[in-house]
Amino acid sequence: MTENSSSKINETVSWVGRWTFVLAAAGSAVGLGNIWGFPYKAGTEGGGAFVLIYLLCILAVGLPIMMAEIMIGRRARKSPVNAMKIAAIDSGQSGKWQAVGWGGLISGILILSFYSVIAGICLNYIFISAFPNPEISSLTQFNEVTSSPLKLMFWHSIFIFLNILIISAGVISGIERMVRLLMPMLFILMMVMVINAMINGDFAKGLNFLFAPDFSQVDATTFLRAMGQAFFSLSLGMGSIMCYGAYMPQEENIFKTSLTVAGLDTVIAILAGLAIFPIIFAYGLEPGEGPGLVFISLLSVFVDMPLGNILGPAFFALLSIAALSSAISLLEPSVAYFEEEKIASRFSSALILGLSAWFIGIGSVLSFNDWSELEFIGGLNFLDSIDYLANQFLMPIGGMMVAIFAGWFFKPDLALEEFSGIQFYIFQVWRFFIKFVSPLLVATVFIYQLAS
Ligand code: PFF
């Protein structure tokens, strides 16, 4: 990589289908965060009040940063490390801005390591919900799964293997082909689950719960959680979207596609709530169950529900598909970097980096059982420590740095070039948000969290 500028390299791959960027970015965005994380956070943080604050975070912080990431990625057509470097050098700044890309690669592997363990549990639950053991409660069932390092390791390994397989097949034959297959499946399964909730659930109560705001439950931590959730859910601050943006054809409109991706992500999160809460209420369970909402409460519902042994597996297949299309976007940025720098072939890079995530994931597997008492960061177990590190530090700092760079250091002319086809006033609104609103909001939340 030369230090001089104008390295607008166009030989990089480009998505073939017109909708592929939207599908791939939505695939990255829609994941465990939407179907598992969003409903349980809404459940514990005051329902509609949380949803409202979450929407604000998506609009004021998520959308502008997503546009910035795509802009930087597409301009350079390189993996995030080199994209940041090229964007900085072309704007007359120091190439050291590539550190932002590095942070992204590292958090991608870290997140993948525990994401895969939870996704592995989802895979396992496809079978558990198809053939539930009537002798034991769903809580005992969950404990049985998580207390066995071998079982968790098995499914974690299968999930990482699937990732390596898809990524090593390449951007077009691997990622593009998979998201074109998986995303429609995901949408159909989600519709089936929502219709099921309308038939078998207390839909009015579910709707009321998700949309009627209960502000008495809102405090500063609600903002923190909503902001963290928005970052995680939109896959921001860690290079995934920047990397997919590098494959986006030049003629596509960054504003419209970002709006579509953020919209799809939000719609799916809300649909997940509408698929889950009505049946939770109809079966007399508590909505604020926390992380066990899906694996414990929902499983017990599927066991009792008519056609539960078909609907249960359908739901967990939905979760697994969503997790897989997100996980590949966690691995792709670092594989793209290794390939670009000729460190290894795509296949070897996918193998080396996938296995690294697999290895770190062993710590997360053990934190459910043998290491459950071991404390790493601030009294948290291994999985929660990595989650905390990535979610509360690496991602927000990454996102804030992207915003600061795009707003203050990236040449506006270059930004305008990437935003061609977008009305000028939208560009100006974006500039205002990315310069002031997004970084300030992230910084406020971040400082508050450090202080508390
Ligand atoms: N957005 C994914 C989810 O909501 O589950 C998780 C994720 C994927 C986070 C990719 C970050 C990322 F880069």
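The values are calculated or read from the model by the stated rules, or taken from the named source; none is laboratory data. Just so it is clear, the model here is predicted, and its values are computed rather than measured. Note that we place each Cβ from the backbone using ideal geometry, even for glycine, and neighbour counts take in every protein chain shown. Quick note on the areas: whole protein, heavy atoms, side chains included, nothing else; ligands and nucleic acids left out. Shrake-Rupley method; radii C 1.70, N 1.55, O 1.52, S 1.80 Å.
Only one entry of G354, G379 meets the criterion of being outside any helix (DSSP H, G or I) and open to solvent by less than 70 Å² (accessible area, probe 1.4 Å), and that entry is G379.
Report yes if L259 is without any contact (Cβ under 8 Å) to a residue 24 or more places away in the chain and open to solvent by 10 Å² or more (accessible area, probe 1.4 Å), otherwise no. The answer is no for L259.
Just one of the numbered conditions (1) open to solvent by 10 Å² or more (accessible area, probe 1.4 Å); (2) closer than 20 Å to F21 by Cβ; (3) within 16 Å of the ligand (Cβ to nearest atom) is not true of E251: (3).
Looking only at residues of region 420-446 that are at pLDDT below 95 and crowded, with 21+ Cβ neighbours inside 10 Å, we find that the one that is farthest from the chain's Cα centre (by Cα) is V445.
Residue-wise test of (1) of a type in the set (A, V, I, L, M, F, W, C); (2) modelled with pLDDT under 95; (3) open to solvent by 60 Å² or more (accessible area, probe 1.4 Å).
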site: E135; (1), (2), (3): no, yes, yes
site: S138; (1), (2), (3): no, yes, no
site: L150; (1), (2), (3): yes, no, yes
site: H156; (1), (2), (3): no, no, no
site: F161; (1), (2), (3): yes, no, yes
site: I166; (1), (2), (3): yes, no, no
site: V179; (1), (2), (3): yes, no, no
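Highlighted here are the helices (runs of 4 or more DSSP H) found entirely within region 188-255 that include at least 2 residues which are over 23 Å from G46 (Cβ atoms) and at pLDDT 95 or above: 240-245. Summed over region 388-419, residues that are open to solvent by 70 Å² or more (accessible area, probe 1.4 Å), of a type outside the set (F, W, Y) and either in contact with a strand residue (DSSP E or B) (Cβ under 6 Å, 6 or more places away or on another chain) or part of a helix (DSSP H, G or I) (or both) total 3.
For L293, work out the one condition from (1) more than 25 Å from V81 (Cα to Cα); (2) within 16 Å of the ligand (Cβ to nearest atom); (3) at pLDDT 90 or above it doesn't fulfil. So L293 meets the others, but not (3). The single condition among (1) within 13 Å of the ligand (Cβ to nearest atom); (2) closer than 11 Å to I167 by Cβ that S320 does not satisfy is (2). Within the span defined as region 262-281, every residue fails to be surrounded by fewer than 19 Cβ atoms within 10 Å (Cβ to Cβ), touching a residue at least 12 places away in the same chain (Cβ under 8 Å) and more than 16 Å from the ligand (Cβ to nearest atom). Of the residues K85, K151, which is part of a helix (DSSP H, G or I), within 20 Å of M248 (Cα to Cα) and not small (G, A, S)? Sole residue among the options that is part of a helix (DSSP H, G or I), within 20 Å of M248 (Cα to Cα) and not small (G, A, S): K85. Under the condition of being within 24 Å of I328 (Cβ to Cβ) and away from the ligand (no atom under 16 Å from the Cβ), the residues counted in region 88-116 number 1.
Of the listed requirements (1) touching a residue at least 24 places away in the same chain (Cβ under 8 Å); (2) surrounded by fewer than 24 Cβ atoms within 10 Å (Cβ to Cβ); (3) among the aromatic types (F, W, Y), W102 misses just one: (1). Checking F142, F127 one by one, the residue that is in contact (Cβ under 8 Å) with a residue 24 or more places away in the chain, part of a helix (DSSP H, G or I), open to solvent by 20 Å² or more (accessible area, probe 1.4 Å) and in contact with a Leu (Cβ under 9 Å, 6 or more places away or on another chain) is F142 and no other.
Of the residues L165, L152, the single one that is in contact with a Gly (Cβ under 7 Å, 6 or more places away or on another chain), of a type outside the set (S, T, N, Q) and more than 16 Å from the ligand (Cβ to nearest atom) is L152. Restricting attention to region 63-80, the residues that are under 16 Å from L105 (Cα atoms) and not in a helix (DSSP H, G or I) add up to 2.
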